[in-house]
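Quick note: the coordinates plus some simple rules give every number you see, no bench work behind them. Worth saying up front: this structure is predicted, and the values here are computed from it rather than measured. Positions of Cβ are backbone-derived with ideal geometry, glycine not excepted, and every protein chain shown enters the neighbour counts.
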Amino acid sequence: MTGAFINALGILIGALFGLAMLKPLSLRTQVFFRSALGAFTVFFGLQLVWLSVSGAFLPMAKQLGIAALAITLGFWAGRLLHLQKLSNRLGRYAGSLVAPAQSGSPRKMTDGFTACAILFCAAPLGLLGAVTDGFPVGDSGFGYFYLLVVKAVMDGLAMTGFVKVFGWPSALAAFPVFALFSGITLACQVWARPLLEAHGLVAPVNATAGFIACAIALMIFEVRRVELANFLPGLALAPLLAWWLK
């Protein structure tokens, strides 16, 4: 559960920096961090894919095809389940808590905590990172927590602004973030990992997660809007497709 701990720590560190800074980050600094985080998201996503499918050409091509098919079918499954609509609804609710505080209206101390907890917990990159942290990558036997490291920096930068608006209680969002993502990672380690490892089905999950991470980078770079939440069912479909196509 290394990734969940790092994510929570990033939020707390961001809150400390936000409380200590006299002025918000400049636009130039924000653009630099956004570009760097987008680049690292692509790098770690592609690295995850490579570590998951590297080997002989034909098996590698088959794994890539399975991951692509899982993402495609997962997207349509997500649409049927209205996952992106649910994500948007959560985002709008969090925004409704932030907007009055930014305009100078009276605010509740719990609004910042609630808004940050929703935004940080519902982020697709966090869900991907929690899953990949629970599965071994290649022959290492260790989980891939680097996606949550990227998210930790993102959340920390966002928190520098939230604590200016809501004060220190918003930093307490680090605790539900740790509880949720460590719970997902633990579930993957204890229940899903033994079953998937027994049938050699871990690699398709990691490869699919790597490709979805690259799609997230499109949002970070503001290239185009992507219905990220709708891709998440692909993580469950990937091992099923791999088992069926064996």
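Summary table below
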item: Computed [θ] at 222 nm, deg cm²/dmol, the chain (DSSP H ≥ 4; -39,500 (n - 2.57); rounded to nearest 500); result: -25000 deg cm²/dmol
item: Given charges at beta-carbon only (K, R positive; D, E negative), |dipole| of the stretch 81-196 in Debye; result: 440
item: Dipole of the chain, positive end: most advanced residue of Ser26, Met219, Phe40 [Cβ charges, Cα centre]; result: Ser26
item: Acute angle (nearest 10 degrees) that the helix 124-133 long axis makes with the longest principal axis of the chain, alpha-carbon atoms; result: 50
item: The stretch 39-73-the stretch 206-224 distance, computed between alpha-carbon centres (Å); result: 13
item: Mean Cβ count within 10 Å, highest first, over the residues of peptides 72-82, 144-154, 130-140, 180-190; result: 144-154, 130-140, 180-190, 72-82
item: Dimensions in Å of the stretch 109-242 - Rg and Dmax from alpha carbons; result: 15.9, 50
item: Cα extents of the stretch 1-142 along the three principal axes, largest first (Å); result: 61, 36, 30
item: Assigned charges on the beta-carbon of Lys, Arg, Asp, Glu; the stretch 1-103 dipole about Cα centre (debye); result: 300
item: Magnitude of the charge dipole, the chain, Cβ model with Lys/Arg +1 and Asp/Glu -1, debye to 20; result: 640
item: Highest-fluctuation residue, Ala67, Ala99, Ala39 considered, GNM on the chain with Cα pairs under 10 Å; result: Ala99
item: Residue with peak Gaussian network fluctuation, the chain [Cα springs, cutoff 10 Å], from Pro24, Pro176, Pro124; result: Pro24
